[in-house]
Structure formats: structure tokens, C-alpha cells
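Everything on this sheet refers to the single structure shown next.
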Amino acid sequence: MKKKLLSMVMSAGMLFATAETSFAVTHSRQYYQARRAHYVRHKRRVNTAKRVGVGAAGGAAIGALAGGGKGAAIGGIAGAGAGKLYDSHQKNHGHN
């Protein structure tokens, strides 16, 4: 009697364990798709920040060579604008 009861409990446990695993796989696929979408959005923002930052740094360096401190400020603003224009150009061509 004990062996039959034990085998029934173990069979039921294995049955429910497989059913639970299939639910977990469905859930994890949705989870990973959401995480992937979040990563892509984050990567786009990081690329935008890099492009604008590099443009601003380059403009500031050239402005500093040409006109000192005031030229660096003006060059940084111009470089940031150019970096933003380049970023929007890249995004419209399907590049991140």
C-alpha cells in the first residue's frame, strides 16, 4: 500500500513539474523579449549621447585652438549641434 501511494505521489509530482516548466518557458520568452527591447532602446540613447558628446568635444577643441575659452564654448555648442544632426541622419538610414 505504501509503495502504491509513494509511486502515485511521485508520478503526480513529475507530471506537475513538466507542466510548470512549460509555463516557465513561455514566461521567460516574453521576459527576454521585453529585456531585449529595453536593451535596444538603451543602446540607441547611448549611441546618441556618444555622437553628440564627440561632436561637442571636437568642436570645443577646435574652438579653443582658434579663440581661447570663448571660442571653446562656441565650438562646443556648434559641435554638439553637428553631432545631433549626424545622429538624426544615421537614425533615418536605419543605423544605430
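Scan region 38-72 for residues that are under 19 Å from Asn92 (Cα atoms) and either touching a Cys at 6+ places or on another chain (Cβ under 6 Å) or among the hydrophobic types (A, V, I, L, M, F, W, C) (or both) and report the count.
Quick first cut of region 38-72, residues under 19 Å from Asn92 (Cα atoms) only: 40-52, 55.
With either touching a Cys at 6+ places or on another chain (Cβ under 6 Å) or among the hydrophobic types (A, V, I, L, M, F, W, C) (or both) added as a condition, the list becomes 40, 46, 49, 52.
Number satisfying all stated conditions: 4.
Would you please name the residue that is surrounded by the most Cβ atoms within 10 Å (Cβ to Cβ), looking only at residues in region 18-63 that are at pLDDT 85 or above and β-branched (Val, Ile, Thr)?
Val52
The values are calculated or read from the model by the stated rules, or taken from the named source; none is laboratory data. Since the model is a prediction, treat every value here as computed from it, not as a measurement. Glycine gets a Cβ as well: all are built from the backbone with ideal geometry, and neighbour counts include every protein chain shown.
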